[in-house]
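Reviewing the structure listed below.
The values are calculated or read from the model by the stated rules, or taken from the named source; none is laboratory data. All of these numbers come straight from a predicted model, not from anything done at the bench. FYI the Cβ positions are ideal-geometry reconstructions off the backbone, even for glycines, and counts take in every protein chain you see.
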4 protein chains.
Amino acid sequence: MTPILPEAVPVARRRGRPRDAQAEQAILTATVDLLGEVGFATLSIEAVAARAGVARPTVYRRWPSKLELVIDAVIRMAPPVSSDITDDPRADLLHLVSRLVADMTSAPVGRAILALTGEADKHADLARRLADDYLAPRRAALAEVLRRAVGSGELNPDVDIDLMLDLVLGAPTYRWLTTGRPVDSRSARAVVEAVWEMARVGPIAR
Amino acid sequence: MTPILPEAVPVARRRGRPRDAQAEQAILTATVDLLGEVGFATLSIEAVAARAGVARPTVYRRWPSKLELVIDAVIRMAPPVSSDITDDPRADLLHLVSRLVADMTSAPVGRAILALTGEADKHADLARRLADDYLAPRRAALAEVLRRAVGSGELNPDVDIDLMLDLVLGAPTYRWLTTGRPVDSRSARAVVEAVWEMARVGPIAR
Amino acid sequence: MTPILPEAVPVARRRGRPRDAQAEQAILTATVDLLGEVGFATLSIEAVAARAGVARPTVYRRWPSKLELVIDAVIRMAPPVSSDITDDPRADLLHLVSRLVADMTSAPVGRAILALTGEADKHADLARRLADDYLAPRRAALAEVLRRAVGSGELNPDVDIDLMLDLVLGAPTYRWLTTGRPVDSRSARAVVEAVWEMARVGPIAR
Amino acid sequence: MTPILPEAVPVARRRGRPRDAQAEQAILTATVDLLGEVGFATLSIEAVAARAGVARPTVYRRWPSKLELVIDAVIRMAPPVSSDITDDPRADLLHLVSRLVADMTSAPVGRAILALTGEADKHADLARRLADDYLAPRRAALAEVLRRAVGSGELNPDVDIDLMLDLVLGAPTYRWLTTGRPVDSRSARAVVEAVWEMARVGPIAR
DNA sequence: TTATAAACGAGACGGTACGTCCTGTCTTTTA
DNA sequence: TAAAAGACAGGACGTACCGTCTCGTTTATAA
C-alpha cells in the first residue's frame, strides 16, 4: 500500500518514474529496527532516512508522519499469522496467545500500539488500520480454535468467545502495561488454563 | 515531592528564597490539562511553563524531564483511592474496577502510563514509582474486597486473587488499548460477572 | 538559440519528436515575467516551468542553469536597438542614453546584469555574451552619434568617446545602483548636458 | 546595532542573558569571508553558522534574513572612512575615489550592493541603511575635498558637486558592472582628471 | 540589620529535528 | 527521440523545543 498515492489498478500504470521498491523496503526495515533500539519517542524520521540510505523527502513522499510510518512498518513487518492447528485446542490456544502477546509486547509492535493509543482520538484511521490489518486476523485465528473446541464438545456451547479472548489476551497484556516487564510463559499458561476451565464448565455466559 | 533537592527536615530549613508552592501547583495543573488536550507526544515543557506562567528553568529545577513531570503530575492529581465498601462485594468489585479502569484509560493518566511503558527499559525508577504510588494502593483496595468475599464464603477460598485482578482489570484495559475507545460499562459488568462466577465455583486455582 | 543541442541544419532533420518551439517561447516569457515579479534570487526553475506549462526537465534540456536561462531570456526579449537618428546629435544622445539606462535599470534586465556581475568570476562566458549581444550594439549606436557630432564639428575632435560614454551612462546607473530608485529624466538630462559641454569645449582628452 | 532588538539605552539593561559579543563578531567575520569566497547567491546561513562555530538559530535570532545579515556585515566590517587630506585636492580626490570604488567593487561589499539593488523594491529599509551608514559618510568626505577646492579657487564656484561625484564614481563603477573586471587605476585616473578639468573651467553648471 | 543563599523571570546559548522547497538527475510512459 | 510526469539524492530553508547558562531581581534565613 502506498498511503499518499494509492497504487492504481495494475493495468493503467501511474505515469512518471515509479517508486523505488528497494527504498520502500529499506525504510520499513530501518523503522522497525530503530523502533526496537531507541523507542518511539526518540525515533526520528531523520535517523530512519539516514539508516535506510535514503533522502529525507523520500520518506515524507510516502508517509506523512512518524506515526503513519511506524504503524505501516509494524503491520507489514509483523510475523505472519500462525495457523499450526493440532488436535489439542487448549495447547493451540496457549501457543497462539503466547505468540500474539509476545509480539504485541515486543519492542517494535508494542511501542507502536502504545504510541497510537496515546493519540488515538486524533488518529481514528490509523487505529482502524491496525485493528483491521494486524489484530483482526490474529484474533480470528484464536476464535477459530475456540469455535472448534466448542464444536468438538470440549467447551461449553454458550461461551462468549469475544469475552474469553479479551480475558486471555488482556490479563498478560495488562501485566506488561503496568510493569513494563515482558510476559513470562508461566503466567501466560496460568491465565489460559483458568480461562479454559471457566469456558469448559460454563460460566462465561453470553 | 521535590525530586532534585529533596525537602529538608522542617527544623533546619534551607537558606535562601524558598520554592514557590504556587508555581509548583500551577505547573502540575498545566501539565495535566495539556496532557488531556494535546497528548503526551505533543506536550512540551515550553508549553507547560507558558501556561503555568512560569519560566522554563523553574520547571527544570524541579523535574529533570518531561516524563518525570508527567508521571509526578498524574500521581499527585489522581482521584483518591475510593474506599466505599458495602456489604455487597460483587457490586464493590464492579464499582472499583470501573473507577480504576476509567481513570487509567482517561486522557492524562492513560497517556502517562502508555508513554512510560513505551520507554520502560530506560525508566525502571519511574515505573516503580507509578506502580507503588498509583497502582498498588488501588489494587490493594480491590484485593481487600475479594479477600472479604473469600472470608464470608462467597468466593472459593483457593482463588488466586492476583490472577483474578489481572483478568478483571486486563480485559477492559485491553479493549481500550486495541481500539482506543473508552470502556463502556456494559462490557465492564460482563467481565466482572464472568470472573466473579469463575471465582465462586472454584476453577481459578492458585 | 538552443545552447545544448544546436539547431541542426534544416535539411537533415534530427530523428524523433522535434522540440516544441512554443515551449521555448513560453519558457522565455515566463522567465522575464517572473524576473520582473519576484527578482532573480527568488526566481526558481520550478516556477518558470510551472508558469510556462512545461515539465522541469524540459527547461534543463535547453539551459543548464538559472543564470544562463535568465541571461538568454533578457537578451532575446530586450527591446531592439533604436536607430532614430535626427540632425540634433545632442538630443539623439539624450534619447539613446535615456532608453539604454531605463532598460538596464528596469526589473528584468537590471536584475540579470546585477546577478551576473555578482558572480562574474565564475561566468566569464556569460559576461562576454551579455557584453557582445546586448551592450555592444547599444554602445555602438551611441558612439556613432558622437562620431557624427565630431565629424560635423560640434564636438572637439580630440574627445575620448569611450570615456565620454562611461561618464554619461555611468552616472545615472550609479545613482540607481546606490539608491535603488529608477533614474529620473531630469538628472539624466543634466548629466548629458554636462558631458556634452565638456566634450564641446575640449577637456576630455584622449 | 542589533537589528531585531535594538540596543537599549546603556542604563536600563535588557533583561535575561546578554548576547554573546564573540558570537556576533564571529558571525560577521564568517559572513564577509564567505561572501568573498563563494558569492552572495551561494552563501548560506548554514555555512555562516558552521564557520562561525555557532548554532544556526543564533544567527536567525539576530538577523532575520541573509540579506540583512550581509548588509549589516558589510557595513560594520568596511574599512573606515579615510580622511588623509593633503594640500593637493586633486590628488586627494583621486585617492578617495580609488579607495571607494575599489571597496565598492570588491568581493564582499560589491556583492552585497548588487544583491540589495536586485531586490531593492522589497528592501527600502536596507537600502536606506546602506546609503546612510556606508555611502553617505564616504561621499561626504569626497564632497569636502571638492568644497575646499572651490574655496581655494581651484574649482569653478558654480560647480554641482553632487553631479561631479556621480560622474567620477559612476564611470568606473559602470565599467565594473558591465565587464565584471575590477577597475584599473589608469582609467580611474583618466576619469578623475577629465571631471576635474571640467569643474575647473566651469561647464558643470548647477 | 545586614549578609548570604537560593529561588525567580527573562532570554541567549549550542544543538537536534522538523517538514518544506528547490536543485539537478534519472526513469518510465506517451506521443 | 522528445515531452510530461514524477521519483530520486541532496542541501538549505526558517521554526520549534531541547536542556543549559547567565543575568538582574526578589525573598528568606543566618550572622
One residue from A:A127, A:A171, A:A115 being touching a Phe, Trp or Tyr at 6+ places or on another chain (Cβ under 7 Å), of a type in the set (G, A, S) and within 11 Å of another protein chain (Cβ to nearest Cβ): A:A115
Failed item, numbered, when C:S98 is tested on (1) surrounded by 22 or more Cβ atoms within 10 Å (Cβ to Cβ); (2) assigned by TED's automatic domain parsing to the domain that holds C:I161: (1)
Lone qualifier among B:L43, B:L93 - being more than 14 Å from DNA strand F (Cβ to nearest atom) and at pLDDT 95 or above: B:L93
Residue match in region D:45-65 (condition: outside any helix (DSSP H, G or I), closer than 27 Å to C:A115 by Cα, among the hydroxyl-bearing types (S, T, Y) and within 21 Å of the chain's Cα centre (by Cα)): yes
Close pairs from region A:125-136: first among the hydrophobic types (A, V, I, L, M, F, W, C), partner surrounded by 16 or more Cβ atoms within 10 Å (Cβ to Cβ) and not in a helix (DSSP H, G or I), Cβ under 9 Å, at least 6 apart: A:L126/A:E119; A:A127/B:G180; A:A131/B:G180
Test for C:A143: is it surrounded by fewer than 17 Cβ atoms within 10 Å (Cβ to Cβ), away from every other protein chain (no Cβ under 14 Å) and either among the aromatic types (F, W, Y) or within 20 Å of the chain's Cα centre (by Cα) (or both): yes
Condition check for B:P79: surrounded by fewer than 16 Cβ atoms within 10 Å (Cβ to Cβ), in contact (Cβ under 8 Å) with a residue 24 or more places away in the chain and within 10 Å of DNA strand F (Cβ to nearest atom): no
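Filter region A:53-69 down to the residues that are more than 13 Å from DNA strand F (Cβ to nearest atom) and either closer than 13 Å to A:A26 by Cα or not assigned by TED's automatic domain parsing to the domain that holds A:T31 (or both) and list them by number.
A:L69
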Options B:L126, B:L130; residue that is under 22 Å from B:P172 (Cα atoms) and buried (at least 17 other Cβ atoms within 10 Å of the Cβ): B:L130
Residue check, D:R200 more than 9 Å from chain C (Cβ to nearest Cβ) and either farther than 18 Å from C:T173 by Cβ or surrounded by fewer than 23 Cβ atoms within 10 Å (Cβ to Cβ) (or both): no
Test: C:A47 is farther than 26 Å from C:D121 by Cβ and either within 8 Å of DNA strand E (Cβ to nearest atom) or within 14 Å of another protein chain (Cβ to nearest Cβ) (or both): yes
Qualifying position, being on the phi < 0 side of the Ramachandran plot, in contact (Cβ under 8 Å) with a residue 40 or more places away in the chain and touching a Lys or Arg at 6+ places or on another chain (Cβ under 7 Å), among D:I85, D:I27, D:I45, D:I71: D:I71
Qualifying residue in region D:188-202 (condition: at pLDDT 95 or above and within 16 Å of the chain's Cα centre (by Cα)): no
Residue match in region D:153-170 (condition: buried (at least 21 other Cβ atoms within 10 Å of the Cβ) and more than 25 Å from C:W196 (Cβ to Cβ)): no
Criterion (closer than 30 Å to C:L126 by Cα, part of a helix (DSSP H, G or I), touching a Lys or Arg at 6+ places or on another chain (Cβ under 8 Å) and in the same structural domain as C:I85 (by TED's automatic domain parsing)) met by exactly one of C:L177, C:L165: C:L165
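So for region A:97-112 (the condition being facing chain B (nearest Cβ under 7 Å) and more than 20 Å from B:T117 (Cα to Cα)), does at least one residue qualify?
Taking every residue of region A:97-112 in turn, none turns out to be facing chain B (nearest Cβ under 7 Å) and more than 20 Å from B:T117 (Cα to Cα).
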Matching residues, region A:179-195, being within 10 Å of chain B (Cβ to nearest Cβ), within 24 Å of B:E197 (Cα to Cα) and buried (at least 21 other Cβ atoms within 10 Å of the Cβ): A:V191, A:A194, A:V195
Among (1) surrounded by fewer than 21 Cβ atoms within 10 Å (Cβ to Cβ); (2) of a type outside the set (S, T, Y); (3) over 20 Å from D:P172 (Cβ atoms), the one test that C:A136 misses: (3)
